[in-house]
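The values are calculated or read from the model by the stated rules, or taken from the named source; none is laboratory data. Only a predicted model underlies this, so the values are computations on that prediction, with no experimental measurement involved. Here the Cβ is made from the backbone with ideal geometry for all residues, glycine too, and neighbour counts use every protein chain on show. The area values use the complete protein model at the heavy-atom level, side chains included, leaving out ligands, DNA and RNA. Shrake-Rupley method; radii C 1.70, N 1.55, O 1.52, S 1.80 Å.
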Amino acid sequence: MQVAYPDAEAYAKWAGKRLPTEAEFEFAARGGLSGKIYALGDEFRPNGKWMANTGQGKFPVKDTGEDGWAGIAPTKSFPPNGYGLYDMAGNVWQWCSDWYRADYYRTPAENGGGVINPKGPDSPFDPAEPNEKKRVHRGGSFLCNEQFCSRYMVGARGKGEVNTGTNHLGFRCVKDATANSSAP
Ligand SMILES: [Ca+2]
């Protein structure tokens, strides 16, 4: 945790990978389900089972850990989604490679069309803090609870200044499939 964007990006590059775009993150988070509210379906707690590390109790003063974890949980503490991916919702927010622009997804929609595999806008702009360079966060964190932000919902996005790491923000790497295998 406490990882700023340039550090996450540098790690991914070192590992021969990269950080996901916001669109890739959402596609992966949905795990093959279409139009569901949460990464694991329409129910937050199917049969009373906790499906992600979120917050309970009175935000932000008390996290009662009713889901088994107060604060950060080790990865794979909750069930994977349909693609076998863990922690796509809750636990920690994750850096995406897109610059944050509040109106980025609204503009193409207003122009009458969607976008295929968008990479994000060319530059950042947050009307609330126009001088800060922000990138997109996805997934929600252990701090998010039903009353406060519900950001573990699969379509929700966050934002953060690129040099600011927090204890509820992390990242994951992705790797492009190679079209031509060099294997003999
Ligand atoms: Ca928790």
Net charge near Lys175 (other residues with Cβ under 14 Å of its Cβ; Lys, Arg +1; Asp, Glu -1) is +2
Tell me, what % of the accessible area of the chain is carbon and sulfur with a 1.4 angstrom probe?
52
Probe 1.4 Å, all protein chains present, accessible-area order of Lys13, Lys36, Lys49, largest first:
Lys13, Lys49, Lys36
Sort Tyr104, Tyr83 from largest to smallest accessible area, using a 1.4 Å probe on the heavy atoms of the protein chains.
Tyr83, Tyr104
Ranking by accessible area, most exposed first, for Met51, Met88, Met153 with a 1.4 Å probe:
Met153, Met51, Met88
Residue by residue through the range 62-78, the couplings from Karplus 6.51 cos²θ - 1.76 cosθ + 1.60 with θ = phi - 60°, in Hz, x for Gly and Pro, are 8, 10, 7, x, 5, 7, x, 9, 9, x, 6, 9, x, 4, 6, 7, 10
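Restricting to DSSP loop positions (anything but H, G, I, E, B) with no more than 16 other Cβ atoms inside 10 Å of their own Cβ, which GluC sites (Glu not before Pro) remain in the range 1-109?
On the way: sites: Glu9, Glu22, Glu24, Glu26, Glu43, Glu66; in loops: Glu43, Glu66.
Counting only loop positions with at most 16 other Cβ atoms within 10 Å, the GluC sites (Glu not before Pro) in the range 1-109 are Glu43, Glu66.
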So the FRET efficiency between Asp103 and Phe27, C-beta based with R0 = 30 Å and rounded to 0.05, is 0.90
For the chain, dividing by residue count, accessible area per residue (probe 1.4 Å) in Å² works out to 57
Suppose R0 equals 25 Å. What FRET efficiency, 1/(1 + (r/R0)^6) with r the Cβ-Cβ distance, do Lys49 and Ile72 give to the nearest 0.05?
0.80
I want to verify a result. In a Gaussian network model of the chain, Cα cutoff 10 Å, which of these has the top mean-square fluctuation: Cys144, Cys96, Cys173?
Cys173
For Cα pairs less than 8 Å apart in space and 6+ apart in sequence, what is the mean separation divided by the residue count of the range 1-54, i.e. the relative contact order in percent?
15
The Cα extents of the range 1-71 along the principal axes, largest first and rounded to whole Å, are 40, 34, 16
Once normalised by the length of the chain, the mean sequence separation of its alpha carbon contacts under 8 Å that are 6 or more apart gives a contact order in percent of 31
